[in-house]
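Only one structure is covered here, and it is reproduced in the block below.
What follows is calculated from the coordinates using simple rules that are stated; it is not laboratory data. Treat the numbers as computed from the prediction; the structure is a model and nothing was measured. Positions of Cβ are backbone-derived with ideal geometry, glycine not excepted, and every protein chain shown enters the neighbour counts.
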Amino acid sequence: MNSLSTVNTQNLKSVIPQIKSYEERLQALNLWWGKISLIGKINSQNVSDSILEEMHYTRQKFSKLQERLIQNLLNAHLQKRMAEDQNKSQVAVDILIRNLFERTADVGFLATDDDIRNFLLIQNKSENDRLKMQVRLQEYVKKYSVYDEIIILDPTGKVQINLNPDNKITHSKDPLIFETLSTKQDYIETFGKSDLQPQQQHSLIYSCTIKTSNNQDAKVLGVLCLCFRFDDEMESIFNNLQSKGMTSSINIVDAKHKVIASSHPQIFELEDFLTDHESTTLVSFKQQDYLSTKSTTKGYQGFMGLSWCGQVMTPLQDAFQHTHQVSSTPNEAFTLLNSELFSDELKDIYRSSMLINDDLSLVVLNGIIAAARNSAVEFMPVLDEIKKTGQGIVSIFSDSIDNLKSTVLSSRLSDLSFYASLAVDIMDRNLYERANDVRWWALTTVFREHLQSKELSSAAKQEISNILLYINKLYTVYTNLYVYDRNGVILAVSNQDQGHFIGQQVEPKSGAAEALQVNDSQKYSVSSFAKSNQYQNNQTYIYNASITNLEQSSVIGGIGIVFDSKPEFSEMLNDTLPIDEQGKIINGCFAIYCQRDGMIVSSTENSPQGVGEIVDLDKDLLSLQNGEQHSLLVEYKGKPYAAGIAASNGYREYKTTGDYCNDILALIMLPS
């Protein structure tokens, strides 16, 4: 930031209204001081030269302090702009990468679906075979609405079936087919124009080989392609990050710095190239100056995607037009100025201006005494004007420091509400996947075939356990997956350390009872956030779905998946804590997830309260509407904090269609 403000000082000052105003007022006062000093020098024959020298020295001190003040004003406004743009660029790419990480597990699991394998093994496929497969794929996309197309091809690239009836493809020559068949990796991720979706400008496709079994050396039957709804997802991310009317543009750029998605596609068109740079810088694009802020993804659980970046472009002329000010009383101003939210430089400028004004008052007083002693009445008006000018300068300092204080505070509070909103969004997006997973796994044909038998053999139970274990290795956010019969008796588990639960009844509050009441494959149930013996008697969520017979006419059992809430929620919160310029979490800050009733679901290291406790804050703060966010100064456990609070709003169909109600709030707390 320092190099940006130093190199572009004049350009930046010219577009920050407050700085222009203060500079003009200070220049006018300095000019008037100069004129008064000249008059004083002409009429000072009877006054000691030391008085004039002290006044001149005081004016120099004011002048130097003015330079520091203007630079601090500039840095504070620039820092606020950069922080907002950095947040948006970082979150845009990281939220996307988190979503795409889930896709890498999806394609690997769906490629092992026995229904798909059996379909490919049929030599002469009938219309009924294709219809059944079509229904199977439709069921999948009902759960995972992030996909707009699923395509199954044979090893030669011939399309065996695809989901979208409007996509009339029969064969593909896309290089991803050969790459998928040749790779030793678990999947291939491809972005660009593809003949698999010829009607689209670009496609994001996850592909994987389909083999006769899970054995690495098994015969290849074909290739599975999951086509992600990239443009739809980016529109959702952009809408969440940017309010209407904002002129900043959020862009996703590829490894060559080509725009692949933009919140303002009419300006930053697909295929446009943006300037590559390390930190925020001033760039020119299509004959307009922009502040450009780029963020590389932090990745998620080691997954980095296709080396995409988030890049926010803010028109320089608009970059500082919407500074939000936070009003405060003089006492609050003094308290805030001495708080940890403000830099030592700002505090020093404030104190120095007071000291210089005190010095000026002493100089004027000495001048009055000297003028009276030497009968220099003609010098008295000069002293009076000097005093007024000094007071005017101090008044500007006071106003500008109030402005700077408000800028710093509003920036902090804006950041905190943004981080809180991000925290609940991450949770909703993550748990959306859990609701999808349990419903899809409940449709596993092997489960349905075995459970509709009158009696389950040991071999059948072992086969179910093996499938659960395979799934659990792909989806590591669960500590255990278990299948139970229509009476709620556990038949198989993925975690062998929990094998002792086999033969036992499911817990009464696990959500299993609700799941066993419905045969709709779109329905699921979730336990309350409560202690479970499936989670070592710690609190977590368990997602459930019924398992129906093959005709889907009756419920024959269910599946429960135990979310590993402690590390997963902790990681989500830690990822949203504010960081300093060195990239370290700011000392003393912490984050909390809690329910409407205040019960804490998760908290980070520095939190004075832990899981299961009731958060010690005014309950009115927890009454935000879904999707709302707020920031304020609060006292929590006897200490002052700047706080950001946001209420969950769901994601896609999750918590937005009446499927499930469980409002969560995120609190981000920063010592003040």
(request) State whether region 444-563 is rounded, prolate or oblate according to the following rule on the C-alpha gyration tensor (a ≥ b ≥ c being the square roots of its eigenvalues): a/c under 1.5 gives rounded; otherwise a/b larger than b/c gives prolate, and the remaining case gives oblate. (result) oblate
(message) Restricting to DSSP H runs of at least four residues, report the calculated mean residue ellipticity at 222 nm for the chain, -39500 (n - 2.57) per run over all residues, nearest 500 deg cm²/dmol.
(response) -14500 deg cm²/dmol
(request) Have a look at 556, 600, 623 and report the one farthest towards the positive end of the charge dipole of region 512-635, computed about the Cα centre with Cβ charges (Lys/Arg +1, Asp/Glu -1). (result) 556
(request) Considering the options 475, 458, 521, tell which one lies farthest towards the positive end of the dipole of region 449-546, charges being +1 on Lys and Arg and -1 on Asp and Glu at the Cβ, about the Cα centre. (result) 475
(request) Set the Förster distance to 22 Å, then compute FRET efficiency between residue 317 and residue 273 from the Cβ-Cβ distance, nearest 0.05. (result) 0.45
(message) Cross-link candidates for residue 619: which lysines have Cα within less than 23 Å, leaving aside residues fewer than 8 places away along the same chain?
(response) 637, 639, 655
(message) Going through the cross-link list 184/523; 143/184; 173/258, which pairs have a Cα-Cα distance over 27 Å in this structure?
(response) 184/523; 143/184
(request) Treating the angle as unsigned and between 0 and 90°, give the value, to the nearest 10°, between the Cα long axis of helix 565-574 and the longest Cα principal axis of the chain. (result) 30
(request) Determine the alpha carbon to alpha carbon distance for each of 20/405; 64/88; 219/256; 88/405; 531/584; 294/566 and list only those over 27 Å. (result) 64/88; 219/256; 531/584; 294/566
(request) Order the peptides 443-453, 594-604, 651-661 from the highest to the lowest mean number of other Cβ atoms within 10 Å of their residues. (result) 594-604, 443-453, 651-661
(request) Multiply the residue gap between residue 384 and residue 659 by 0.36 nm, knock off their C-alpha separation, and tell me the result in nm, one decimal place. (result) 91.5 nm
(request) Answer with one residue from 436, 267, 310: the one whose Cα lies farthest towards the positive end of the charge dipole of the chain, charges on Cβ with Lys, Arg +1 and Asp, Glu -1. (result) 267
(message) At 0.36 nm per residue, and after removing the present C-alpha to C-alpha distance, how many nm does the segment from residue 596 to residue 564 gain when stretched out fully?
(response) 9.3 nm
(request) Rounded to the nearest 0.05, what FRET efficiency do residue 288 and residue 552 give with R0 = 35 Å and r taken as the Cβ-Cβ distance? Could you check? (result) 0.05
(message) Just to be sure I understand the model, the point goes 7 Å from the Cα along the line to the Cβ. What's the resulting residue 362 to residue 28 distance in nm?
(response) 3.2
(message) Below 17 Å, Cα to Cα, which aspartates and glutamates can residue 61 reach? Residues fewer than 8 away in the same chain don't count.
(response) 23, 53, 345, 348, 358, 359
(message) Below 15 Å, Cα to Cα, which aspartates and glutamates can residue 461 reach? Residues fewer than 8 away in the same chain don't count.
(response) 449, 485
(request) Can you tell me the order of 413-422, 150-159 when each peptide is scored by its average per-residue count of other Cβ atoms within 10 angstrom, highest first? (result) 413-422, 150-159
(message) I need the shape label for region 561-621. Rule: rounded when a/c is under 1.5, else prolate if a/b > b/c, else oblate, with a, b, c from the alpha carbon gyration tensor.
(response) oblate
(message) Please give the charge dipole size of the chain, origin at the Cα centre, charges +1 on K and R Cβ atoms and -1 on D and E Cβ atoms. Round to the nearest 20 debye.
(response) 220
